[in-house]
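The values are calculated or read from the model by the stated rules, or taken from the named source; none is laboratory data. What you see is a predicted model, and the numbers here were worked out from it, not measured in a lab. Every residue, glycine as well, gets a Cβ built from its backbone with ideal geometry; the counts of neighbours run over all protein chains shown.
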Amino acid sequence: MKKITIIGTGYVGLVSGAGLADFGNEVVCVDINKEKVSQIEDGIIPFYEPGLNELVARNVETGRLSFSTNIGESVQESEAVFIAVWTPMGNDGEADLSAVEDAGRVIGQNLTDYKVVATKSTVPIGTGEFIRSIIRENSKGRAEFDIISNPEFLREGAAVSDFMIPNRVVIGTDSERALALIKEVYRPLFINETPMVITNIQTAETIKYASNAFLAVKISYVNELANLCDENGADIHTVTRAMALDGRISSKFLHPGPGYGGSCFPKDTKALVHQAKERGVNLEVVKAAIRANEFQKSRVTEKLERLMKNDLDNKTIAVLGLAFKANTDDVRESPVIPLLTFLAEKGCNVRAYDPKANKNMAKLFPDVNYCSSIEEAVKGVDAAVVMTEWHEFRGMDLARVGELMNEKVLFDARNLLSPNELNRIGFRFENIGRSSVR
Ligand SMILES: NC(=O)c1ccc[n+]([C@@H]2O[C@H](COP(=O)([O-])OP(=O)(O)OC[C@H]3O[C@@H](n4cnc5c(N)ncnc54)[C@H](O)[C@@H]3O)[C@@H](O)[C@H]2O)c1
């Protein structure tokens, strides 16, 4: 059991903190956001993540998990410090490392004895060395420390199981002492033989970007194929099902949609291109994936306009799904944002419903009429657009939805609904890449 501080109590910090406490460690999650910390101390999780409430409550009850805004004090008492602060997109796609730098400074100022400093935030290659220099500068040789790159691969919506039963754990370090300590931190995962990739810091940092960019490329590729299927009478679902039967391809991330969003893929692809450019390397494939994703978002609005026979002005539209994907309330970079902007420009009256993300989207689009059910959202509308792959939407009663709408017009931007059923009920509809079954 190790004493740990997690700096940054967001999606990654809170899930990792609670998960490491569940592994038997004594964890303090710290943050500069006082309101957030006091909310969590009151048992309120500031975002929706399945299973996280229970994981946090269980570990708080055992006394292994606590929260604080006194970062320095917590660092002093810890053997390992994890940096899990945000690394948003800065100028020209570059990752903004100011929060990482702040964290490094506090660690340096409070380095009382040997500590391992592990970075969970997604940071450009070379940041490990940058953190080392900041800590060195601020600790003035008071104590020794080692740096680890320990990128996090959890997915929002499945974060708890991804953390507790990961596909792999990546540990980048140049220190045997640090490796021995981190092995103790992750002891249950070593015992159950979770694949561990132990490598140098630069390689670990590269793995995270390489993985996210690859997934973004895969999504953009399938979206472009779907657009081709739209125009050539093919069905993207049958195409991808057949592709996935080739073991080299795999069926995951072969679902077309309105473009990727979220807090990671958009910023991480751009940050990777930026850092490659700085080293004189051209990542043409990743750049193309970024462009294709931008195009996909505009294709959603184009297809909706076409479906509405170029007569969208002042219409009432239901938007079903606001989160960037299902099982989260996160709307960061959601492909719904450009859609809502477009509908506002057209003077449309928007009725929106998301099982979890209404509140977050209302901060960005206060003028939208937020509803508490599918039925409420579709009442009297001229068209509906399905934007997030919530199960609830898959199972919606299309006959009832059709009855409630002013016009039976629907754009299924996630291909959740059966074209046969939509046809049977008399919908005029669009989907992504399924022209053969429309
Ligand atoms: N969200 C994901 O699915 C995911 C998955 C893997 C990796 N990541 C990476 O993990 C990092 C964190 O992402 P997130 O989604 O948890 O972000 P988040 O925005 O949910 O949380 C970041 C937290 O850091 C805190 N913070 C900022 N500066 C701080 C400082 N100087 N000291 C202490 N706390 C500070 C903020 O108050 C906030 O609570 C990012 O680098 C991200 O790219 C995210």
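Quick notes on this structure:
- Of all residues in the stretch 320-334, those that are assigned by TED's automatic domain parsing to the domain that holds F365 and under 17 Å from S373 (Cβ atoms) have Cβ atoms under 7 Å from Cβ atoms of residues that are assigned to a loop (DSSP other than H, G, I, E, B) and of a type in the set (D, E), 6 or more apart or on another chain, in G321/D354; L322/D354; A323/D329; A323/D330; A323/D354; A326/E389.
- For the stretch 240-257, the tally of residues that are free of Cβ contacts under 8 Å to residues at least 40 places away in the same chain and surrounded by 11 or more Cβ atoms within 10 Å (Cβ to Cβ) stands at 9.
- Comparison of S211, S263, S250 shows that the only residue that is on the phi > 0 side of the Ramachandran plot and among the small types (G, A, S) is S250.
- Residues located in the stretch 334-370, provided they are crowded, with 20+ Cβ neighbours inside 10 Å, of a type in the set (A, V, I, L, M, F, W, C) and farther than 16 Å from A384 by Cβ: A357, M361
- Looking across the stretch 66-101 at every residue that is within 11 Å of the ligand (Cβ to nearest atom) and charged (D, E, K, R), the one that is farthest from the chain's Cα centre (by Cα) is identified as E101.
- For the stretch 150-181, the tally of residues that are more than 24 Å from D330 (Cβ to Cβ), crowded, with 20+ Cβ neighbours inside 10 Å and touching a Ser or Thr at 6+ places or on another chain (Cβ under 8 Å) stands at 3.
- Options V123, V160: the member that is modelled with pLDDT of 95 or more, within 14 Å of the ligand (Cβ to nearest atom), among the hydrophobic types (A, V, I, L, M, F, W, C) and assigned to a loop (DSSP other than H, G, I, E, B): V123
- Selection from the stretch 377-392 of residues that are in contact (Cβ under 8 Å) with a residue 60 or more places away in the chain and crowded, with 22+ Cβ neighbours inside 10 Å: V378, V381, A383, A384, V385, V386, M387, T388, W390
- Residues of the stretch 407-438 that turn out to be outside any loop (DSSP other than H, G, I, E, B), more than 20 Å from I219 (Cα to Cα) and among the hydroxyl-bearing types (S, T, Y), as a count: 1
- Flag if Y260 is under 15 Å from A292 (Cβ atoms) and outside the structural domain of R291 (by TED's automatic domain parsing): no
- Residue identified as within 14 Å of the ligand (Cβ to nearest atom), out of contact with any strand residue (DSSP E or B) (no Cβ under 9 Å at 6 or more places or on another chain) and either over 20 Å from A159 (Cα atoms) or not polar (S, T, N, Q) (or both) among E61, E54, E49: E49
- All positions within the stretch 163-185 that are assigned to a helix (DSSP H, G or I) and within 12 Å of the ligand (Cβ to nearest atom): F163
- Qualifying residue in the stretch 186-194 (condition: surrounded by 15 or more Cβ atoms within 10 Å (Cβ to Cβ), without any contact (Cβ under 8 Å) to a residue 60 or more places away in the chain and assigned to a helix (DSSP H, G or I)): no
- Set E205, E152: member being part of a loop (DSSP other than H, G, I, E, B) and within 12 Å of the ligand (Cβ to nearest atom): E152
- Top-ranked residue of the stretch 27-55 - restricted to ones that are within 18 Å of P188 (Cβ to Cβ) and touching a Gly at 6+ places or on another chain (Cβ under 8 Å), ranked as surrounded by the most Cβ atoms within 10 Å (Cβ to Cβ): V27
- Among the helices (runs of 4 or more DSSP H) confined to the stretch 259-369, the ones with at least 2 residues that are over 22 Å from the mean Cα position of the chain (by Cα) are located at 265-278, 284-307, 336-345.
- Failed criterion for A143 (all others in (1) small (G, A, S); (2) assigned to a helix (DSSP H, G or I); (3) over 27 Å from D330 (Cβ atoms) hold): (2)
- Sole exception among (1) of a type outside the set (A, V, I, L, M); (2) farther than 22 Å from D162 by Cα; (3) buried (at least 21 other Cβ atoms within 10 Å of the Cβ) for Y260, by number: (2)
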